[in-house]
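The values are calculated or read from the model by the stated rules, or taken from the named source; none is laboratory data. Only a predicted model underlies this, so the values are computations on that prediction, with no experimental measurement involved. Backbone-built Cβ (ideal geometry, glycine too); neighbour counts: all protein chains shown. Heads up: the accessible areas ignore ligands, DNA and RNA and are worked out on the full protein's heavy atoms, side chains in. Shrake-Rupley method; radii C 1.70, N 1.55, O 1.52, S 1.80 Å.
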Amino acid sequence: MGRLQGTVPDASRGAERSQRRSQRADEAGALSGPKAIIRSETWTITPDREPDAKPLTHKMRCDVCGDESGEDGSWEPPQSWALSHSGRNPSHHSYSEIITRPWRTFMPTP
């Protein structure tokens, strides 16, 4: 087997290396936030009800086996799927409803 040769760095060189690494990360923005705050803004979030918004959808998932209904804009088809799934699998009694609701953010005007 080969032998490793080298010198043992003194503590100050290790500290310098760590400081340089920290400085490079800081310059890249990894360790610090913005350097100046120009202004603070208040944002609001609300369900997206614009005409071009994605539709609100419902889906049911069987908590026993993980099977899922299809997504639908109405809650009735996924619930009917859950009832049918329980009929085919009498021990599957637990379901989760998955609702996908579009949201949007905006800055209110003063």
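Quick notes on this one:
- Calculated FRET efficiency, residue 91 to residue 46, Cβ-Cβ distance, R0 = 41 Å: about 0.50 to the nearest 0.05.
- Calculated accessible area for segment 56-110 comes out at 67 Å² per residue, all protein chains present (probe 1.4 Å; ligands, DNA, RNA ignored).
- Spin-label model, residue 37 to residue 64: label points 7 Å out along the Cα-to-beta-carbon direction sit 5.4 nm apart.
- For residue 68, the shell of other residues with beta-carbons less than 12 Å away shows a net charge of -3, using +1 for Lys and Arg and -1 for Asp and Glu.
- Extension gain for residue 105-residue 84 works out to 3.7 nm (0.36 nm per residue, less the C-alpha to C-alpha distance).
- Remark: relative contact order (segment 37-110) = 45 percent; criterion is Cα-Cα distance under 8 angstrom and separation of 6 or more residues.
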